[in-house]
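J.: Dumping the structure here so I can ask a few things about it.
The values are calculated or read from the model by the stated rules, or taken from the named source; none is laboratory data. Being a predicted model, the structure only gives us computed values, none of them experimental. Heads up, the Cβs are rebuilt from the backbone with ideal geometry, glycines too, and the neighbour counts pull from every protein chain shown.
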Amino acid sequence: MLTPDLKFTVERLSFATLSELPNSWQNEDYKALLKRMNYDNPDDINEAELREMCLMSFTDLEPREAAEVVLGYLFPEALNAGQIENLSHQMLTEKLWEENPELPLHKGFYQATELLYTAYNGTFPRAQAVQFAVKCTAENPEDLAVFADAPAAPLLRLLAQGLPDSALLNRLFSTQLEGPAFAEAPAILWQLATKESEPTSRTFEVVSSTNWLEDFKYADVYEATTHADAVAAAEE
């Protein structure tokens, strides 16, 4: 059963285009990648030099081999050796974070490509993402509860109404946007954080692919409705 539509005023507060996801790679990740490349004692490297050492070590490999290293690290369970080998070839020419059919893997494909693009000076496709802040003000303050447990789906329903009807999100996911379940929403919103909580509003910071939400830069202030996923509502 579909939950009732809740009315909000949506305001885009900021918008930026990114080449790297915020905090996507940490020093422990660089150490792990170096170990996969058989680097001796990565724990001895000065932390300020870890990223550069990792990038330099990549260039000792062919780009495809480096892609296998990164994909193997990011997807030890989700991908098998054969899939990693095939995808490492595709990464050289394809934007896997947009073109691969497995949405839950898109964020990882982006992370992999952004790192390899830097290491190989553009041999891999240029990765771009979007980051923006959006304020959602409820007509009825109690409706803010829609964001309490599973905010991605109700927030994405609000964001979609700030995009043109021709936007890819609206064309591909019209059923999920209007219907009782949007399981793909967390895979579309790569990073979602609550920045401010007021009695009548929530302000979120969102990071996603340009493929889905680049046109949100044209949004200003608009009225929209949303609802929680029926499954999420049943679990509350």
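J.: Consider the stretch 149-178. How many of its residues are surrounded by 15 or more Cβ atoms within 10 Å (Cβ to Cβ) and either in a helix (DSSP H, G or I) or aliphatic (A, V, I, L, M) (or both)?
T.: Result for the stretch 149-178: 17.
J.: Given the conditions (1) of a type outside the set (A, V, I, L, M); (2) part of a loop (DSSP other than H, G, I, E, B); (3) out of contact with any Ser or Thr (no Cβ under 8 Å at 6 or more places or on another chain), report the number of the one that GLU28 does not fulfil.
T.: So the condition that GLU28 fails would be (2).
J.: Would you confirm, using the coordinates I've provided, whether LEU105 is part of a helix (DSSP H, G or I) and either over 17 Å from ARG36 (Cβ atoms) or touching a residue at least 60 places away in the same chain (Cβ under 8 Å) (or both)?
T.: Considered against the rule, which asks whether it is part of a helix (DSSP H, G or I) and either over 17 Å from ARG36 (Cβ atoms) or touching a residue at least 60 places away in the same chain (Cβ under 8 Å) (or both), LEU105 comes out as yes.
J.: So which of ALA181, ALA224, ALA187, ALA193 ends up being among the small types (Gly, Ala, Ser) and in a helix (DSSP H, G or I)?
T.: ALA187
J.: Please determine, by comparing only the residues of the stretch 108-130 that are in a helix (DSSP H, G or I) and of a type in the set (Phe, Trp, Tyr), which one is nearest to the chain's Cα centre (by Cα). Steps first, answer last, please.
T.: Looking only at the stretch 108-130, we keep the residues that are in a helix (DSSP H, G or I), and these are 108-119.
Imposing the further condition that a residue be of a type in the set (Phe, Trp, Tyr) reduces the set to 109-110, 117.
Details: PHE109: 10, TYR110: 8, TYR117: 18 Å.
If we take residues in the stretch 108-130 being in a helix (DSSP H, G or I) and of a type in the set (Phe, Trp, Tyr), then TYR110 is nearest to the chain's Cα centre (by Cα).
J.: Further, regarding this structure: Here is a list of conditions, (1) surrounded by fewer than 21 Cβ atoms within 10 Å (Cβ to Cβ); (2) assigned to a helix (DSSP H, G or I); (3) in the same structural domain as SER201 (by TED's automatic domain parsing), and GLU85 meets all of them except one; can you say which number that is?
T.: Checking GLU85 against (1) surrounded by fewer than 21 Cβ atoms within 10 Å (Cβ to Cβ); (2) assigned to a helix (DSSP H, G or I); (3) in the same structural domain as SER201 (by TED's automatic domain parsing), the one that fails is (3).
J.: I would also like to ask the following. Scan the stretch 36-43 and tell me whether some residue there is surrounded by fewer than 13 Cβ atoms within 10 Å (Cβ to Cβ) and part of a helix (DSSP H, G or I).
T.: Looking through the stretch 36-43, at least one residue is surrounded by fewer than 13 Cβ atoms within 10 Å (Cβ to Cβ) and part of a helix (DSSP H, G or I).
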